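Scroll down for the structure; my scribbles are underneath it.
The values are calculated or read from the model by the stated rules, or taken from the named source; none is laboratory data. No experiment lies behind these values; they were computed from the predicted model shown. For neighbour counting, all protein chains shown are included, and Cβ atoms are generated from backbone atoms with ideal geometry for every residue, glycine included. All accessible areas refer to the heavy atoms of the entire protein, side chains included, with ligands and DNA or RNA removed. Shrake-Rupley method; radii C 1.70, N 1.55, O 1.52, S 1.80 Å.
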Amino acid sequence: MCGIIGYTGRRNASEIIYQGLKRLEYRGYDSSGAAYLADGKLSVVKKEGKVEKLLPLLKDVKSSLGIGHTRWATHGVPSDTNSHPHRSGNIAVVHNGIIENYAELKGKLISDNYKFVSDTDSEVVAHLLNKNYSGNLLEAMQKTVKMLKGSYALIAICDSENRIIAARYKSPLILGYGSGENYLASDEPALAGLCETISILQDGDIAEVSSESIKIYDENLTPVSREVFPNLAVCCDLGLDNCPHYMLKELREVPDSVRFTERAFEGIRQKLSAILSDVNRAVFVGCGTAYHAAMIGKRYAESFARIPCEAETGGEFRYKQPVIDGRTAVFAISQSGETADTVEAARLALSLGAKVVAVTNSHHSELTRIAHVVVPVAAGPEICVAATKSYTGQVAALYLTANLLAKRQPEKLDKVYDLCKKTVAELNIGSLAQVCAKARGVYFLGRDLDYAVAVEGSLKLKEVSYVPGEGYPSGELKHGTLALIDEETVSVFIICDDLLADKSVNAVEQVRSRGGKTAVFTNVDRVIEKLRSETPYVFELPRCDKYLSPLLSAIAVQKLAYQTAVALGRDPDKPRNLAKSVTVE
Ligand code: GLU
């Protein structure tokens, strides 16, 4: 949800900003821009479209200080003028977040004769900085943020000062420490290979970054110190590894996400067990794919620990009056650890005295900072906007956590790791993807855990191929969705639960008798035998413990989504209208 980068130091800022924006592009890619100082002059370049469009505008620039932005529009269409940085006089600023009181501020600025050129909320910040500036950008920032309501990560420069000024409230911003150079960015992967240590700004912090030093202040400009961490992304390989898309590369990394998550779990086992010791209720919260992992977490905890459990989306949870207390565990699941609705849900749970457990792939995020304990998802950086390996990492983490909650010994995951590898390598889904690419609608159906994977399969397909559809419990089909079935639709059944298999086969027959196309992902022998003669699209998954089968069926639906997107000529890594980490409400 918009990526920010800043650099000052001995190297060429324009190159570092361009490379940083390329790495941040998964956070937003409708437009991008940069502002830099060259020979004491402030210049701003910006362009609608993907970051590469900025290259011709930056390639001959020599500068030692600059800021950049890749946008996911919230206010105002993607266009050159609405792109960031926004400039007012000798000041330029980039913004991630939403200024909720921008209309009121804009009205006042207009009456002060400020001219607005964009439709964004962010432009008010540029004019406020200008208005509040009297020779010191740090003080102008302090005055400006006092006037803002909403969420922001801001970085600003001015033509008469050799430093970058930043402020943060509810949108992520990190600082990177180099030698004779320093950085600012929305996340760690943007600084991969650039600096070895980072610190994370907290809400209300204001920072002053020059090539020689980084100073952090609170809202009153009193110096504060923030912990310095190793940059975990320092040696990450963010390349494509000979794959045409990150989605395919990351799908191939699904088995490792399971294996490394199991290893990382050992490091928190003791602390987690102490925190969960008197828990008698669990709530699993997430958004999008993480919500679908939450559905699985709920089922695991219910089955293993036999305690009441719920799964909720972050956006719903935070605005109801949840019935939770000190014996409730709230599992806040977010790949980035910055998902605004999930972070706010976690804050609400904390205020109500619950035990808050972060389940996240990002080890220096807001969620990790506020939670009582972090269950690490060790999927590694995920660049494709659509989640693949982070989802399977979350499922593995929740499986291990629910077992611990139940004081039960989990299955070792090395066997399922091998089966994941086999599924990634051998499941050949191309023919079905061709059919889905031409379908008017694709429905994913299953029961119980298979239903949870079905909703994720449907989301994945919608995200990357734009083929409409839905995920539905197969038992509910006859209560509504069956009305949509005809020969232009495909119904994809997931059947990995032996006990419920025959019920799902009934649903396959109901679709077939209405002329709908069907496909089945299953590891139940009698289902394979029965349906193989009836539908050409029966795909056999490896046999495994039913509770671990979501890891295998997830690979199947992810592959189907990927190949359908490719068949339709879509870019699965950057689906239209989406951005990876949703840091606004
Ligand atoms: N609200 C700003 C805009 O629409 C920033 C959006 C973002 O965080 O991506 O331009």
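Residues whose amide H comes within less than 5 Å of that of VAL330, counting only those at least five positions distant or on another chain, are VAL283, LYS355, VAL356, VAL357 (H built at 1.01 Å from N in the peptide plane). Listed by chain and number, the aspartates and glutamates whose alpha-carbon sits under 19 Å from that of LYS421, ignoring those within fewer than 8 places in the same chain, are ASP241, GLU250, GLU253, ASP256, GLU262, GLU382, GLU411, GLU540, ASP545. Bin all alpha-carbon pair distances of region 8-109 at 5 Å intervals from 0 and give each bin's fraction as a whole percent. Each 5 Å bin holds this share of Cα pairs: 2, 14, 23, 24, 18, 10, 6, 2, 0.
Taken along the Cα-to-beta-carbon direction at a fixed 7 Å, the label points for ARG306 and GLU509 span 3.5 nm.
The C-alpha atoms of the chain define a longest principal axis, and helix 289-305 lies at about 50 degrees to it. Peptides 346-353, 320-327, ordered by how many other C-beta atoms sit within 10 Å of their residues on average, highest first, read 346-353, 320-327. Diffusion coefficient (Stokes-Einstein, Kirkwood radius over C-alpha pairs, 37 °C, 0.692 mPa s) for region 295-452: 189 µm²/s, rounded to a whole number.
Note on region 226-289: Rg/Rh from Cα positions, Kirkwood definition for Rh, rounded to two decimals, is 1.08.
Residues whose amide H lies under 5 Å from that of PHE493, counting only those 5 or more places away or on a different chain, are LEU445, ALA519, VAL520, PHE521; hydrogens are built 1.01 Å from N in the peptide plane. For the chain, adding -39500 (n - 2.57) for each run of n ≥ 4 DSSP H residues and dividing by the number of residues yields -10500 deg cm²/dmol at 222 nm. In sequence order, region 360-369 has phi-based couplings of 8, 8, 10, 8, 10, 10, 4, 5, 5, 5 Hz under the Karplus curve 6.51 cos²θ - 1.76 cosθ + 1.60, θ = phi - 60°, and Gly or Pro positions carry x.
Taking every alpha-carbon pair under 8 Å whose residues sit at least 6 apart, region 362-451 reaches a relative contact order of 14 percent. Averaging the sequence gap over all C-alpha pairs within less than 8 Å and six or more residues apart, then dividing by the number of residues, gives the chain a relative contact order of 12 percent. Expressed as a whole percent, the accessible area of the chain that falls on carbon and sulfur atoms is 49 (1.4 Å probe). Charging the Cβ of each Asp and Glu at -1 and of each Lys and Arg at +1, and nothing else, the dipole of the chain about its Cα centre rounds to 220 debye. If you take the Cα centroid of region 212-262 and the Cα centroid of region 315-330, the two points sit 30 Å apart. Taking the Cα centre of each part, how many Å lie between region 503-546 and region 42-83? Cα centroid to Cα centroid, the span is 50 Å.
Relative to its Kirkwood radius, the Cα radius of gyration of the chain gives an Rg/Rh of 1.00. Relative to the longest principal axis of the Cα atoms of the chain, helix 340-351 runs at roughly 90 degrees. In the complete set of protein chains, residue-level accessible area for GLU382 is approximately 10 Å², probe 1.4 angstrom. Expressed to the nearest 5 percent, the antiparallel share of DSSP beta bridges inside the chain is 60 percent.
Using C-alpha pairs under 8 Å with a sequence gap of at least 6, the mean separation divided by the residue count of region 427-503 gives a relative contact order of 39 percent.
Averaged per residue, the chain has 37 square angstrom of accessible surface, using a 1.4 angstrom probe with ligands and nucleic acids left out. Taking LYS415, LYS462 and ordering them by how much accessible surface each has at a 1.4 Å probe, largest first, produces LYS415, LYS462. When MET295, MET147, MET247 are compared by accessible surface with a 1.4 Å probe, the order from highest to lowest is MET147, MET295, MET247. Taking Cα atoms only, the orientation of helix 449-465 departs from the longest principal axis of the chain by about 50 degrees. Separation of the alpha carbons by more than 26 angstrom is noted, of LYS143/LYS215; LYS412/LYS574; LYS298/LYS530, for LYS412/LYS574; LYS298/LYS530.
Placing unit charges on each Cβ (+1 for Lys and Arg, -1 for Asp and Glu) gives the chain a dipole about its Cα centre, and among PRO189, LEU24, GLY326 the Cα reaching farthest toward its positive end belongs to GLY326.
Compared with the rule-of-thumb size 2.2 N^0.38 Å for a compact globular protein, region 121-218 has a Cα radius of gyration ratio of 1.04.
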